[in-house]
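Visitor: Here you go, one structure.
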Amino acid sequence: MSKISVLTVTYGDRWQFLSRVIELMLGYGQVGNIIVVNNASTYNVSQKVAELNDSRITVINSEENLGSAGGYKAAIKYAFEHTNSDLFFLLDDDNLPRENVIPDLLKNWEIIAGANNKKAFFCLREDRAKHVKITQGEDPYRYYLVPNNFLGFSVFNILKNQVNKLNDKLNKSDTPQQPATIPYAPYGGMFMHRELIADIGYPNEDMYLYVDDSEYTYRITQNGGKIWIIPQCRIVDIDKSQGIGYKKKPFHSALLDQWNFRIYYHIRNRMYFYSQVAVKSKLLFSINKALYLGYLKAVSLISSKQKEYKKLLGAVNDGLSGNLGKADETKF
C-alpha cells in the first residue's frame, strides 16, 4: 500500500484537541499526508500547524463554516486529487485513536476479504453500547434503519424493544468481540480505499451538518460493499458530545429543552435520509409520525415549549420535502 492520508475537519477554538490528534498521527511512518480543513476557526490554524514543522500537514482554510458535509468533502476531494495515497483515514478533531491503530488497520485490511472498492473499516468506541453489542453478535438492524420509525419511535416495536432491554439487563454478554458489519457509520474512524471513493463520490454538501455521514457511508452498503467495525482498532473521544449530562424530567423532551441549530439539522437530515431508506410503508410511517408528534405537542404545552415545537415541526417538514442546504437562523 502507498502512504495513508489522514483527513480531519476543525472549527471554533479546538487546538487543544486537534493538536493531540495530529501529533499522534505524525508518529506513524505510514501516514504520508494529514489534511486539515479549517472551518472558520477562531484562531490561526495554519500558524499553529506551521509550528509543528512537518511538511506532511496541509491546511485548507475556509472563511465560512462549511459544516461537516462541506468540510469532509473538501478534505476527501483534496486527498483524492492531490495525493497518491491509496487509503484515507477520517478522524474528527477530537478522535484520539489507541496505540498501533494504523498497523492494526492495515493488518485487518489484508485479513478481511473484499475488493478495495467493496469494503471500509470503522474504529470502535467502547462507550457506544450498540457498536459493542454488534461486535458481540447482536443484529445491527436492531438499531439501524428500523422500518417506518419516526425519530426512533415505532409503536409497533414497543413490546419488542422492552423485551430486548430486559434481556440486556439480565444477560450481560461476555462474548468476545469480533469484526462485524454495520450499514453506515460516522466520518470519525472511517478507513477507506481510493477505489471506494471513486465509486461513492463525496459527501452531500446540502446536508450541511449531522446525518450527512450516515447518507455518505450508506452509499457503500448500497453499492454492494460492507462497513466493518474493527474492535481491535479503538478511538476515544476527548471532547464530550452534545446532550451528555441532560437529565430526563417528567413531561419534558430533550429535543425541545435543548432546541438549537444542532437539533434542527439532526432532525431535518434524519427525516430526509430515513424517508429515502427506511420507510417501507407510508401508512405505518404516518401512524408513528402522528403519535410521536402528538406526544411532543402535549409535552410542549406542559413544559411551555410551544415555540420550540413549532420549529421542530419545521425541521420535520423541511426534511421530508428535501428542503436542504444551510438553513436560515430563524429556523433555530
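Visitor: With the structure loaded, tell me whether Arg270 is in a helix (DSSP H, G or I) and farther than 25 Å from Asp139 by Cβ or whether it fails that test. Steps first, please.
Guide: Working: in a helix (DSSP H, G or I): yes; farther than 25 Å from Asp139 by Cβ: no.
No, not satisfied.
Visitor: When you check Asn269 against the structure, is it closer than 29 Å to Asn204 by Cα, within 23 Å of the chain's Cα centre (by Cα) and either at pLDDT 95 or above or buried (at least 21 other Cβ atoms within 10 Å of the Cβ) (or both), yes or no?
Guide: Working: closer than 29 Å to Asn204 by Cα: yes; within 23 Å of the chain's Cα centre (by Cα): yes; either at pLDDT 95 or above or buried (at least 21 other Cβ atoms within 10 Å of the Cβ) (or both): yes.
When the stated conditions are applied, Asn269 passes them.
Visitor: Return the pair list, or none, for Cβ contacts closer than 8 Å from residues in segment 180-204 that are surrounded by fewer than 17 Cβ atoms within 10 Å (Cβ to Cβ) to residues that are among the hydrophobic types (A, V, I, L, M, F, W, C) and part of a loop (DSSP other than H, G, I, E, B), at least 6 apart or on different chains.
Guide: These pairs meet every condition: Glu195/Ala115.
Visitor: Now, a different point. Test Asn164 against the stated conditions and say whether it is in a helix (DSSP H, G or I), assigned by TED's automatic domain parsing to the domain that holds Ala327 and either touching a helix residue (DSSP H, G or I) at 6+ places or on another chain (Cβ under 7 Å) or under 20 Å from Ser68 (Cα atoms) (or both). So that I can check it myself, show each step before the final result.
Guide: Numbers: in a helix (DSSP H, G or I): yes; assigned by TED's automatic domain parsing to the domain that holds Ala327: yes; either touching a helix residue (DSSP H, G or I) at 6+ places or on another chain (Cβ under 7 Å) or under 20 Å from Ser68 (Cα atoms) (or both): yes.
Taking the combined requirement at face value, the residue satisfies it.
Visitor: Still on this structure, I have one more. Going by the conditions given, is Arg219 in contact with a helix residue (DSSP H, G or I) (Cβ under 8 Å, 6 or more places away or on another chain) and at pLDDT 95 or above?
Guide: Details: in contact with a helix residue (DSSP H, G or I) (Cβ under 8 Å, 6 or more places away or on another chain): yes; at pLDDT 95 or above: yes.
So Arg219 fits the description; yes.
Visitor: OK, next. Quick test of your reading of the structure: Ser253 fulfils all but one of (1) under 18 Å from the mean Cα position of the chain (by Cα); (2) modelled with pLDDT of 95 or more. Name the failing condition by number.
Guide: Evaluating Ser253 over (1) under 18 Å from the mean Cα position of the chain (by Cα); (2) modelled with pLDDT of 95 or more leaves (1) as the failure.
Visitor: Considering only segment 129-166, state which residues are touching a strand residue (DSSP E or B) at 6+ places or on another chain (Cβ under 9 Å) and surrounded by 14 or more Cβ atoms within 10 Å (Cβ to Cβ).
Guide: The answer is His131, Val132, Ile134, Thr135, Gln136, Glu138, Pro140, Tyr143, Tyr144.
Visitor: Which residues, counting only those in segment 208-248, are part of a loop (DSSP other than H, G, I, E, B), of a type in the set (A, V, I, L, M, F, W, C) and crowded, with 17+ Cβ neighbours inside 10 Å? Break it down stepwise before answering.
Guide: So the first thing to find is which residues in segment 208-248 are part of a loop (DSSP other than H, G, I, E, B), and the list is 208-211, 223-225, 238-248.
Subsequent filtering for residues that are of a type in the set (A, V, I, L, M, F, W, C) retains 209, 211, 238, 244.
Result: Leu209, Val211.
Visitor: Here is a follow-up. Scan segment 84-97 and give yes if some residue there is surrounded by fewer than 13 Cβ atoms within 10 Å (Cβ to Cβ) and more than 30 Å from Phe261 (Cβ to Cβ), otherwise no. Spell out how you get there, then give the answer.
Guide: Filtering segment 84-97 for residues surrounded by fewer than 13 Cβ atoms within 10 Å (Cβ to Cβ) gives 84.
Going one step further and asking which of them are more than 30 Å from Phe261 (Cβ to Cβ), we end up with 84.
Yes: one or more hits.
Visitor: Within the group Leu87, Leu91, Leu66, which residue is in contact with a Gly (Cβ under 8 Å, 6 or more places away or on another chain), at pLDDT 95 or above and either assigned by TED's automatic domain parsing to the domain that holds Phe17 or of a type in the set (Ser, Thr, Tyr) (or both)?
Guide: Numbers: Leu87 fails: in contact with a Gly (Cβ under 8 Å, 6 or more places away or on another chain); Leu66 fails: in contact with a Gly (Cβ under 8 Å, 6 or more places away or on another chain).
Testing whether each residue is in contact with a Gly (Cβ under 8 Å, 6 or more places away or on another chain), at pLDDT 95 or above and either assigned by TED's automatic domain parsing to the domain that holds Phe17 or of a type in the set (Ser, Thr, Tyr) (or both) leaves just Leu91.
Visitor: Another question, if that's okay. Test Asp104 against the stated conditions and say whether it is assigned by TED's automatic domain parsing to the domain that holds Ala40, buried (at least 17 other Cβ atoms within 10 Å of the Cβ), at pLDDT 95 or above and within 13 Å of Tyr187 (Cα to Cα). Break it down stepwise before answering.
Guide: Details: assigned by TED's automatic domain parsing to the domain that holds Ala40: yes; buried (at least 17 other Cβ atoms within 10 Å of the Cβ): yes; at pLDDT 95 or above: yes; within 13 Å of Tyr187 (Cα to Cα): no.
No.
The values are calculated or read from the model by the stated rules, or taken from the named source; none is laboratory data. None of the values given here were measured: they were computed from a predicted structure. Note that each Cβ is placed from the backbone with ideal geometry, even for glycine, and that neighbours are counted across all protein chains shown.
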